[in-house]
Amino acid sequence: MYQQLIDQAVAHYRTLLESQIKRAENMNSAADEKKKEKTVIGLVGGDGIGPIITCQAQRALEALLKDEIAQGKIELKTIEGLTIENRMACGKAVPDDVLAQIKSCDVLLKGPTTTPSGGTMESANVTLRRELDLFANVRPVAVPEENIDWTFFRENTEGEYTLGSKGIEIPDLLTMDFKVTTIAGTKRIARAAFDFAKNNGKTHVAIVTKSNIMKKTDGMFSKICHEIAAEYPGIQADEYYIDIMTANLINPAIRSNFQVFLLPNLYGDILTDEAAQLQGGVGTAGSANTGSRYAMFEAIHGSAPRMIAEGLGDYANPESILRAAVMLLQHIALPEKAEKLSAAIEAAAKACPVTGTKEGHTCQEFGDALLAALK
Ligand code: IPM
Ligand code: MG
C-alpha cells in the first residue's frame with residue numbers, strides 16, 4: 001500500500017546521503033590567511049525588531065570607526081532585502097542577489113530574521129551558516145557577581161539543522177527528520193573550543209551530548225571530542241548529558257565551575273538561551289558565527305513579531321546586537337574599540353534601561369545614551 005511512498009522516500013534519502021558525503025569530503029577548516037587592505041562590514045537589518053536594533057548598532061559603529069572609514073580601511077555596507085516579505089516573494093531563504101551582496105563582505109552584523117515554522121522555507125540563519133560555512137557559533141555569557149564566565153562553542157552547520165527542512169513524510173501516518181554528524185565537522189568545532197580554552201587560560205571543557213540515546217551521531221561527537229581533548233594536556237574534558245546540563249546551569253552550587261562548553265548544534269541552541277536568560281535575558285547576549293573565510297555576528301534572540309504586532313517595536317532592547325558588535329570588533333582585531341563599546345553599553349543600560357515595554361526607555365534613547373558614552 002505504501003510502496004510508492006517508500007520508493008520516493010528511499011530515492012530522496014539517497015540524494016541526501018550523497019549530498020552529505022560530498023559535504024563531509026570537501027569540508028574546510030583551515031583559516032583563510034589572505035591579508036586584505038580593506039575590511040567590508042555588512043549590516044543586515046533583518047525582520048521585525050531587527051532593523052530597529054541594528055540601526056543603533058550602525059550608529060555606534062559609524063562613530064567608533066569614523067577614522068578607519070575615512071582612511072578607507074573599513075567600509076560599512078548596508079544590505080537590504082533580507083526581509084520575510086522579500087524572502088517569501090522570491091521563495092528563497094536568502095534571495096540570490098542578497099546572498100551575493102553578503103558574500104562581497106568580510107564580516108557581517110545581522111539582525112534577527114523570521115523563520116516560518118512548518119512548510120519548507122529554510123531559516124535564513126541556517127542558510128547563511130551553511131552558505132558562508134560558519135561552523136563555530138560562539139556565545140559568551142557572564143554573570144560577574146556570581147562568578148559565572150561561560151563560553152559556548154556550538155557546532156553550527158550540522159546535527160538536526162543540516163537536513164531540518166528535508167525530512168520525509170508519509171501523509172496521515174508519520175514524519176522523519178535526519179541528524180547528521182561528520183568527523184571533519186566535529187573535529188573543527190572541537191579544535192575551536194580547545195584552542196580557545198588554551199589561549200584564554202581555561203582548564204575545563206564540558207562536552208555536552210545525549211550519546212546514551214543518539215548513539216551514532218552524539219556517540220561519534222563524543223568520541224572525536226575526547227580524541228581532540230587528548231591533544232590538550234592542561235585541559236580537562238568531561239562529558240555531560242544535555243538533560244543534566246540544563247539542570248546544572250540553574251544549580252548555584254556548581255554552575256560557576258563551568259568554563260567552556262562544546263556541543264552539537266541543537267543542544268547548543270537550547271542551552272545558550274537558558275544561559276543567556278541567567279545573564280539577564282536573551283536580549284542581552286551576542287553571538288558570533290565564524291568560519292574560515294567569513295564571520296557573522298548577531299543577536300541571539302528572534303525578530304519578536306509579537307512586539308511589532310503590539311506596537312512595541314520602538315521599545316526593543318538593542319543590547320544583544322550591540323554585544324554582537326563588540327564581538328565583531330574583537331574579531332577584526334580592534335580590541336580597544338570593542339572594550340570602549342562594551343563599557344558604553346554598560347553605561348547606557350544603567351542610564352536608559354530598556355524593558356521591552358512602554359515603561360522602559362526606547363531603543364533610540366538607548367542609542368542616544370550609548371553615543372553620548374562613546375564621546
Ligand atoms: C539561534 C536561533 C536560530 C537557531 C533560529 C532563529 C533559526 O534560535 O541563533 O539560536 O535555531 O539557530
Ligand atoms: Mg536559538
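The values are calculated or read from the model by the stated rules, or taken from the named source; none is laboratory data. As the structure is a computational prediction, the values presented were derived from the model and not from experiment. Positions of Cβ are generated from backbone atoms using ideal geometry, with glycine treated the same way; all protein chains shown enter the neighbour counts. These area figures cover heavy atoms from the full protein model, side chains too; ligands, DNA and RNA do not enter into them. Shrake-Rupley method; radii C 1.70, N 1.55, O 1.52, S 1.80 Å.
Observations, loosely collected:
- Each residue in the stretch 74-96 was checked for being exposed (fewer than 14 other Cβ atoms within 10 Å of the Cβ) and of a type in the set (D, E, K, R), and 3 of them qualify.
- Subset of the stretch 11-20 (residues that are open to solvent by 90 Å² or more (accessible area, probe 1.4 Å) and of a type outside the set (Lys, Arg)): Tyr13, Glu18
- Filtered by the rule that a residue be of a type in the set (Ser, Thr, Tyr) and free of Cβ contacts under 8 Å to residues at least 60 places away in the same chain, the stretch 236-261 gives Tyr240, Tyr241, Thr246.
- Any hit, the stretch 293-302, residues being assigned to a helix (DSSP H, G or I), at negative phi and of a type in the set (Phe, Trp, Tyr): no
- The lone exception for Glu68 - which of (1) in a loop (DSSP other than H, G, I, E, B); (2) modelled with pLDDT of 95 or more; (3) among the charged types (D, E, K, R) it fails: (1)
- Checking Gly291 against (1) within 16 Å of ligand 1 (Cβ to nearest atom); (2) more than 14 Å from the chain's Cα centre (by Cα), the condition it does not meet: (2)
- Boolean, Thr284 is of a type in the set (Ser, Thr, Tyr) and either open to solvent by 30 Å² or more (accessible area, probe 1.4 Å) or away from ligand 2 (no atom under 16 Å from the Cβ) (or both): no
- Picking from residues in the stretch 295-309 that are within 13 Å of the chain's Cα centre (by Cα) and not acidic (Asp, Glu), the one that is surrounded by the most Cβ atoms within 10 Å (Cβ to Cβ) is Ala299.
- Remark: Ile345 falls outside the filter, which requires a residue to be open to solvent by less than 10 Å² (accessible area, probe 1.4 Å), under 22 Å from Pro144 (Cα atoms) and either within 16 Å of ligand 2 (Cβ to nearest atom) or part of a strand (DSSP E or B) (or both).
- Pair list, Cβ under 9 Å, 6 or more apart: the stretch 265-277 residue open to solvent by less than 10 Å² (accessible area, probe 1.4 Å), other residue more than 10 Å from ligand 2 (Cβ to nearest atom) and assigned to a helix (DSSP H, G or I): Leu271/Ile242; Leu271/Met245; Leu271/Thr246; Ala276/Gly283; Ala276/Thr284; Ala276/Ser320
- Restricting the stretch 287-336 to residues that are within 23 Å of Glu158 (Cβ to Cβ) and among the polar types (S, T, N, Q), the residue that is nearest to ligand 2 (Cβ to nearest atom) is Ser287.
- Taking the numbered list (1) out of contact with any strand residue (DSSP E or B) (no Cβ under 9 Å at 6 or more places or on another chain); (2) open to solvent by 80 Å² or more (accessible area, probe 1.4 Å); (3) not β-branched (Val, Ile, Thr) in turn, Asp47 passes all entries but (2).
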